[in-house]
Amino acid sequence: MDEVTGLLDGFRALDLTDEKGFLCGRLLGDLGVDVIKVEPRGGDPARRVGPFFHDTSDPEKSLLWFAYNSNKRGITLNIEMVEGQELFKRLVKTADFVIESSPPGYMDRLGLGFFALREINPRIIMTSILPFGQAGPYSAYKASDITCMAMGGLMYICGDEDRPPVRFSVEQSYLHGGAQACVGTLMALYHRLRTGEGQHVDISIQECIVWTLDYTLPYWDTGRRLVKRTGTYQKRMDKTWLRAFPCKDGYIAGMVGGGLTTGPMQARLVAAMDDEGMADDLKDMDWKSISLDAVMQETINHWEEAMVKYFMTRTKAEIQAEAIKSELLFCPSNDIKEVADYPQLKARDYWQEVEHPQLGTNIIYPGFLFKSSETSSKIRRRAPLIGEHNQELYGEELGISREELVLLKKEGII
Amino acid sequence: MTGSHALQGVRVVDFSWQFTGPIATRFLGDHGAQVIKVESLSRPDEARGYAPYKDNIAGINRSTLFANYNGSKLDMTLDLKNPQGLEMAKKLVAVSDVVTATFRPGTIEKFGLGYEELQKVKPDIILVSMTMQGQWGPFSQQPTLGAFFQSTMGFTELMGWPDRTAVIPPTPYPDYIGPWFMLIAILGALSYRDRTGKGQYFDLSQLETGLHFLTPALLDYFVNGKIATRNGNRSNHACPHGAYRCKGDDRWCVISVFTDEEWKALCRVIGSPAWMRDPKFATLISRKNNEDELDGLIEGWTIEHSPEEVMISMQAAGVAAGIVQSGQDLIDRDPQLKHRGHCQVMDHPEIGSYVSEMVPFRLSKTPPQMKSAPCLGEHTEYVCREILGLSDEEFLELLSKGVFG
């Protein structure tokens, strides 16, 4: 295996999270942290969530599990039993980070809350990833991806006007929580490197979603204007602008340009249309000095109609090539297959093959987080099997004999 | 005595504009890093021109959207095309830890501020570049906006209804993934430098970082050949699962039921009407097979109640339900966000009060401390005098030569 230098080689994390927090530990693992996924006996419930390898529902074949638990080793542990808590505390002594996503108060009741862990290891950084945070009127609420997206405000502004507000069909909420949890954890790490003291990092997934809303809060704050869902359109000054244009083999994303910033691009598009005799009266417009806000809806519709006529003679790939050549903002709307085939990603060597010997194959993953002159981030190991590293951690590292391990397993502790 | 700020002593020279970079550097500033945002008078950050404006009056310092993303920073202007302006920039880098940039590939090198140049003035500098598609590659020079490029990344095909064209978030969704990866690189690199003495140059892209939010769908394609598609608000492993219209003007509540226990709880909340005892709703699979009918029946109940009533009664019974919250709900009504202090009222030197958002995580010992966004060039003199140590005469001379243009 090639030598990989990670930003955080040598650090260790104990990862108690369920699906709400997987990504945090995954990102730390990508940076070189030794992340130990601590699962309940029988494995995390998310192992039963698809999609599955070859559509076979099996706790060792969940692609969701694979996706966000790569770069982690895995042990099983029952922290609700006193002996399990003692084992956990022994591991905490060796760790820099504890990441968890249990309901407020749960870890405290087990004697494993932040203050208790700090007694064992004053440098410990504990990161709690919860739907609403550690306290507050909603903090005990049950959550799911869709409730987080709804409570966070993103659903309200997404969807067609004549249909319900809508979420992403590939779940996103917990990923925002996990990514931001990693940010908070690393801030706490920097503080600890300077001062020696750890701290508790308290993440609200809801607040993470609120951070994706662009002008939504400013519009209500500044003028009590409600941003609402408008499908594939944008509403500006009570006029409707198309944001997705049909083309020969699908759709492209973009909008009519005008004014100083986007006017020149629109002019170049119209010039390309004119080359094919399809520019109509658009070629008479001075796109750079136009004020889009002053244009009538009928004119907007007319322009968009002419542009659609032109785009319908071209494929997404042709429009992308044109966009690069002539500096246009229009870009293709891709499905997952087109993303997998996207030339830029291939050129950058983005896709990484990861060995899954138990499945008898390699699987292709999105690879690095960044390219760096000094370090790298990559998938060093696939997601763990249930209890895969019990022997390594409990046996080899903590020195527990095989006989005792058998006993611990029998008693339901690991 | 150690400061109460997590990033005490860290100085960032921030050349980034629009959303992704500025959001990341604001998070740094909130936690005690000294962030110096560098603009120019002739070409300020484009986000200064984005509505809404305070009191609906446009102005270079009046965009509240810009203000939200640029709090806790100092602001100076420099004409980087002026050789002395470039010198000033390098002097600043020489006393800083991190440089951030989100220009198109090649731009920062054209200015004379590429990694090799920066290393000459500060060998352990951490340079973080975030572009849409990366520093090199066949498409690296393609002009893009996050609002459109999210479609190329595959996100918009996955939102909307199966019987219609995809819908598009009105917002540049990848711009709200990129900043977290920028921050991870910056913070990781600061720790790395602390232990090794070395800086580094990061080439990050919104494309490559954002796709990590689609990994399960990508794996499903590579392994099973499945092309993920949009499915409204439905779920493969929960039913009922969707948004239900409630009493009021365009008010909705989402309900998600994952287990048979939760299903029984939902039935009790709704008052156990006869139709719920029909065996065709008894299991997840049978509910999925009759999902259209089930959704209609549930909505027959929710329409009689406010989304607050639906959420509270469902939550009391142990069912995950939530109000589909609008901007108004978030700012005016949500008691949890109030508890968290998510919306902070700031005091801006020109526009007075505006709402800005707190970061979504709270460090127990070093919580965020937010400051107002700066006016254009508000701290040019301060930076020159206090950080670069220029005398009165030196500063005035440079000023007269248009170095701060």
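The values are calculated or read from the model by the stated rules, or taken from the named source; none is laboratory data. Model, not experiment: these values are computed from the prediction. Positions of Cβ are generated from backbone atoms using ideal geometry, with glycine treated the same way; all protein chains shown enter the neighbour counts.
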Inset, instruction - Among the residues of segment B:323-373, count how many are more than 9 Å from chain A (Cβ to nearest Cβ), without any contact (Cβ under 8 Å) to a residue 60 or more places away in the chain and surrounded by 23 or more Cβ atoms within 10 Å (Cβ to Cβ). - result: 0
Inset, instruction - Identify the residue in segment A:350-390 that is among the charged types (D, E, K, R) and more than 10 Å from chain B (Cβ to nearest Cβ) and, among all such residues, is farthest from A:ARG41 (Cα to Cα). - result: A:LYS378
Legend entry - Among (1) closer than 15 Å to A:ILE146 by Cβ; (2) modelled with pLDDT of 95 or more; (3) over 23 Å from the mean Cα position of the chain (by Cα), the one test that B:HIS237 misses: (2)
Legend entry - Enumeration of residues in segment B:238-252 that are at the interface with another protein chain (Cβ under 7 Å from one of its Cβ atoms) and part of a loop (DSSP other than H, G, I, E, B): none
Inset, instruction - May I ask you to verify whether B:GLN150 is touching a residue at least 12 places away in the same chain (Cβ under 8 Å), buried (at least 24 other Cβ atoms within 10 Å of the Cβ), at the interface with chain A (Cβ under 7 Å from one of its Cβ atoms) and polar (S, T, N, Q)? - result: no
Legend entry - Hits in segment A:96-112 (condition: crowded, with 18+ Cβ neighbours inside 10 Å and not polar (S, T, N, Q)): A:ASP96, A:PHE97, A:VAL98, A:ILE99, A:GLU100, A:MET107, A:LEU112
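Matching residues to (1) closer than 25 Å to A:ILE209 by Cβ; (2) among the aromatic types (Phe, Trp, Tyr); (3) in contact with a helix residue (DSSP H, G or I) (Cβ under 6 Å, 6 or more places away or on another chain):
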{"site": "B:GLU87", "(1), (2), (3)": "no, no, no"}
{"site": "B:LYS91", "(1), (2), (3)": "no, no, no"}
{"site": "B:GLU116", "(1), (2), (3)": "no, no, no"}
{"site": "B:GLN135", "(1), (2), (3)": "no, no, no"}
{"site": "B:GLN142", "(1), (2), (3)": "no, no, yes"}
{"site": "B:LEU158", "(1), (2), (3)": "yes, no, no"}
{"site": "B:TYR173", "(1), (2), (3)": "yes, yes, yes"}
{"site": "B:ILE184", "(1), (2), (3)": "yes, no, yes"}
Inset, instruction - Identify the single condition in (1) buried (at least 21 other Cβ atoms within 10 Å of the Cβ); (2) touching a residue at least 40 places away in the same chain (Cβ under 8 Å) that B:THR215 does not satisfy, given that it satisfies every other one. - result: (2)
Legend entry - In segment A:131-164, the residues that are of a type in the set (A, V, I, L, M), in contact (Cβ under 8 Å) with a residue 60 or more places away in the chain and either surrounded by fewer than 22 Cβ atoms within 10 Å (Cβ to Cβ) or out of contact with any strand residue (DSSP E or B) (no Cβ under 7 Å at 6 or more places or on another chain) (or both): A:MET149, A:ILE157
Inset, instruction - Could you grab me the full set of residues in segment B:1-48 that are within 30 Å of A:THR261 (Cα to Cα) and part of a strand (DSSP E or B)? - result: B:VAL12, B:VAL13, B:ASP14, B:VAL35, B:ILE36, B:LYS37, B:VAL38, B:GLU39
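Every residue, every condition in (1) over 20 Å from the mean Cα position of the chain (by Cα); (2) closer than 27 Å to B:GLY199 by Cβ; (3) not in a loop (DSSP other than H, G, I, E, B), yes or no:
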residue	(1), (2), (3)
A:ASN334	no, no, no
A:GLU338	no, no, yes
A:GLN358	yes, no, yes
A:TYR365	no, no, yes
A:LEU369	no, yes, no
A:LYS378	no, yes, no
A:ARG381	no, no, no
A:LEU385	yes, no, no
A:GLU388	yes, no, no
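Within segment B:150-165, can you find the residues that are in contact with a Gly (Cβ under 6 Å, 6 or more places away or on another chain) and closer than 18 Å to A:PRO246 by Cβ?
The one that is in contact with a Gly (Cβ under 6 Å, 6 or more places away or on another chain) and closer than 18 Å to A:PRO246 by Cβ: B:TRP161.
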Inset, instruction - Return yes when A:LEU154 is within 7 Å of chain B (Cβ to nearest Cβ) and not basic (Lys, Arg) and no when it is not. - result: no
Legend entry - Conditions (1) of a type in the set (Ser, Thr, Tyr); (2) within 16 Å of B:LYS371 (Cβ to Cβ); (3) surrounded by fewer than 18 Cβ atoms within 10 Å (Cβ to Cβ); number of the one not met by B:THR107: (2)
Legend entry - Candidate set: segment A:1-31, residues that are in a loop (DSSP other than H, G, I, E, B) and closer than 24 Å to A:GLY387 by Cβ; chosen: the one nearest to the other protein chains (Cβ to nearest Cβ): A:PHE11
Inset, instruction - Give me a count of the residues in segment B:126-138 that are buried (at least 23 other Cβ atoms within 10 Å of the Cβ) and either without any contact (Cβ under 8 Å) to a residue 40 or more places away in the chain or over 21 Å from the mean Cα position of the chain (by Cα) (or both). - result: 1
Inset, instruction - For segment A:34-64, enumerate the residues that are out of contact with any strand residue (DSSP E or B) (no Cβ under 9 Å at 6 or more places or on another chain) and either outside any helix (DSSP H, G or I) or more than 9 Å from chain B (Cβ to nearest Cβ) (or both). - result: A:PRO45, A:THR56, A:SER57, A:PRO59, A:GLU60
Inset, instruction - Test A:GLU327 against the criterion of being modelled with pLDDT under 95 and on the phi > 0 side of the Ramachandran plot, and give yes or no. - result: yes
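Identify, from the list B:ASP194, B:ASP260, the residue that is at the interface with chain A (Cβ under 7 Å from one of its Cβ atoms) and of a type in the set (D, E, K, R).
Going through B:ASP194, B:ASP260 in turn, the sole match is B:ASP194.
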Inset, instruction - Tell me, please, whether a residue that is of a type outside the set (Phe, Trp, Tyr) and within 30 Å of B:ARG333 (Cβ to Cβ) can be found in segment A:185-192. - result: no
Inset, instruction - Might you let me know whether segment B:321-329 holds any residue that is farther than 30 Å from B:LYS73 by Cα and part of a loop (DSSP other than H, G, I, E, B)? - result: yes
Inset, instruction - Quick one: A:ALA306 ticks every box in (1) farther than 30 Å from A:LEU16 by Cβ; (2) touching an Asp or Glu at 6+ places or on another chain (Cβ under 7 Å); (3) of a type outside the set (Phe, Trp, Tyr); (4) within 14 Å of chain B (Cβ to nearest Cβ) except a single one, so which number is it? - result: (4)
Inset, instruction - Report those strands (runs of 3 or more DSSP E) wholly inside segment A:165-275 carrying at least 1 residues which are modelled with pLDDT of 95 or more, within 7 Å of another protein chain (Cβ to nearest Cβ) and buried (at least 24 other Cβ atoms within 10 Å of the Cβ). - result: A:200-204, A:250-253
Inset, instruction - Please identify the pairs in which a residue from segment B:268-283 that is free of Cβ contacts under 8 Å to residues at least 60 places away in the same chain has its Cβ atom under 6 Å from the Cβ atom of a residue that is of a type in the set (Phe, Trp, Tyr) and surrounded by 14 or more Cβ atoms within 10 Å (Cβ to Cβ), counting only partners at least 6 apart or on another chain. - result: B:ILE270/B:TRP301
Legend entry - Pick from segment B:219-237, criterion more than 7 Å from chain A (Cβ to nearest Cβ) and of a type in the set (Gly, Ala, Ser), ranking: surrounded by the most Cβ atoms within 10 Å (Cβ to Cβ): B:SER235
Inset, instruction - Would you point out the residue of segment B:179-202, among those that are under 19 Å from the mean Cα position of the chain (by Cα) and of a type outside the set (Gly, Ala, Ser), that is surrounded by the most Cβ atoms within 10 Å (Cβ to Cβ)? - result: B:LEU187
